[in-house]
Amino acid sequence: MGQVRPFAGAPAAGEPMVRIRGLTKSYHGKPVLQDIDLDVAAGSVMCIIGPSGSGKSTLLACINHLERIDGGRLWVGGELVGYREQGGKLHELPERQIARMRQRIGMVFQHFNLFPHMTALQNIMEAPVQVLRLPPEQARARAMQLLDRVGLAGKHGRHPAQLSGGEQQRVAIARALAMEPRLMLFDEPTSALDPELVGEVLAVMKDLARSGMTMVVVTHELAFAREVGDALTFMDGGRVVERGAPRAVLADPREARTREFLSRVL
Ligand code: ADP
Ligand code: MG
């Protein structure tokens with residue numbers, strides 16, 4: 001049996017954490033991602049905006065290898081995860097290495113997806129104990145630290161139904177962090193929240209960004225993108241239409257489609 005290399009997770013100096021070249025993806029013959037090129041520098045925050053159906057979630061799913069790419073090349077943490085020349089065979093890391101890599105990618109969804117029958121603490125401990133085989137006492141101590149970090153130290157014994165949406169999402173972030181990810185993917189993490197709860201989740205994300213975490217954030221929160229994002233990508237129709245420094249793209253978009261989108265959401 002082949003030796004499983006641990007996911008180094010740290011690209012060589014100067015290499016981006018995520019590199020995508022010419023990525024294409026179709027569902028049932030309908031292209032949803034076309035010729036995507038994207039780099040996410042290690043330690044940076046990439047924000048992705050774009051209308052519904054533009055392929056943002058599919059792109060995150062490809063980065064996390066929840067979805068297979070149809071063409072192009074994808075590197076994560078300096079490793080070539082998969083590539084396929086047009087019409088050719090898909091080459092990818094062996095399944096165990098992909099599983100290993102995915103352990104080091106945290107994902108936070110719009111709908112928090114906590115285990116409803118577990119407390120906040122149990123939600124956070126679950127994967128470290130079951131997947132990483134951490135001793136429960138160690139996992140518990142780490143989970144308590146993470147709950148403290150997201151401002152929920154006092155609520156470790158609550159079940160999801162006993163927490164607000166903002167609190168549930170902060171538990172979901174803590175749960176992802178418990179696996180010590182090298183990369184965090186956020187798919188509209190505040191879109192399901194009441195407006196007054198959005199700020200507390202964005203504050204946790206901002207804190208995480210400040211700590212040096214590499215993050216890809218699909219969001220409609222343009223103020224967050226402007227303040228916290230190092231780069232901004234605008235997608236439409238399965239393509240990257242425009243990218244650049246968030247302030248530049250938001251204040252003075254080059255492309256008509258970006259201007260039109262921003263005029264609708266601002
Ligand atoms: P966004 O996140 O920007 O709203 P998505 O990535 O969810 O966009 O979807 C892009 C396109 O792909 C949409 O047309 C959507 O209907 C389609 N799509 C997404 N997931 C699937 C799937 N599992 N099967 C078929 N079509 C899908
Ligand atoms: Mg989506």
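The values are calculated or read from the model by the stated rules, or taken from the named source; none is laboratory data. Given the structure is predicted, the values throughout are model-derived calculations rather than measurements. No Cβ is skipped: glycine too gets one built from the backbone with ideal geometry, and neighbour counts run over all protein chains shown. Quick note on the areas: whole protein, heavy atoms, side chains included, nothing else; ligands and nucleic acids left out. Shrake-Rupley method; radii C 1.70, N 1.55, O 1.52, S 1.80 Å.
Data table
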read-out: M235 long-range amide H proximity, modeled H, under 5 Å; value: I49, G50, V241
read-out: Leading residue at positive end of dipole, the chain (Cβ point charges), from Y83, V108, M184; value: Y83
read-out: DSSP loop trypsin sites (Lys or Arg not before Pro) with at most 14 other Cβ within 10 Å excluded, longest remaining stretch of the chain; value: 134-253
read-out: Value in Å of the Kirkwood radius, where the stretch 1-139 supplies the Cα pairs that are averaged; value: 16.8 Å
read-out: With eigenvalues of the C-alpha gyration tensor scaled by 5 and rooted, the chain, Å; value: 29, 25, 16
read-out: Residue-by-residue Karplus 3J(HN,Hα) for the stretch 13-29, coefficients 6.51, -1.76, 1.60, Hz, glycine and proline x; value: 3, x, 7, x, 5, 10, 10, 10, 10, x, 6, 10, 8, 10, 10, 6, x
read-out: Share of carbon and sulfur in the accessible heavy-atom surface of the chain [1.4 Å probe, %]; value: 49 percent
read-out: V18 long-range amide H proximity, modeled H, under 5 Å; value: V40, G77
read-out: Dipole-positive endmost among L197, A248, L38 within the chain (Cβ charges, Cα centre); value: L38
read-out: For the stretch 73-219: accessible area per residue (Å², 1.4 Å); value: 46 Å²
read-out: Top positive-direction residue, dipole computed over the chain with Cβ charges, set L262, G50, L23; value: L23
read-out: The stretch 16-263, relative contact order [Cα under 8 Å, separation at least 6], %; value: 26 percent
read-out: DSSP beta bridge pairing in the chain, given as percent antiparallel to the nearest 5; value: 60 percent
read-out: Between the stretch 18-54 and the stretch 201-263, the Cα center-to-center distance that results, in Å; value: 14 Å
read-out: Net dipole in debye of the chain [+1 Lys, Arg Cβ; -1 Asp, Glu Cβ; about Cα centre; nearest 20]; value: 540 debye
read-out: For the chain, built as a Gaussian network whose Cα springs stay under 10 Å, the top-fluctuating residue of G106, G50, G244; value: G244
read-out: Pair-distance profile P(r), taking every C-alpha pair of the stretch 154-266, with 10 angstrom steps and integer %; value: 12, 41, 32, 12, 3, 0
read-out: Amide H partners (placed H, <5 Å) of G106, local residues excluded; value: R182, L183, M184, L185
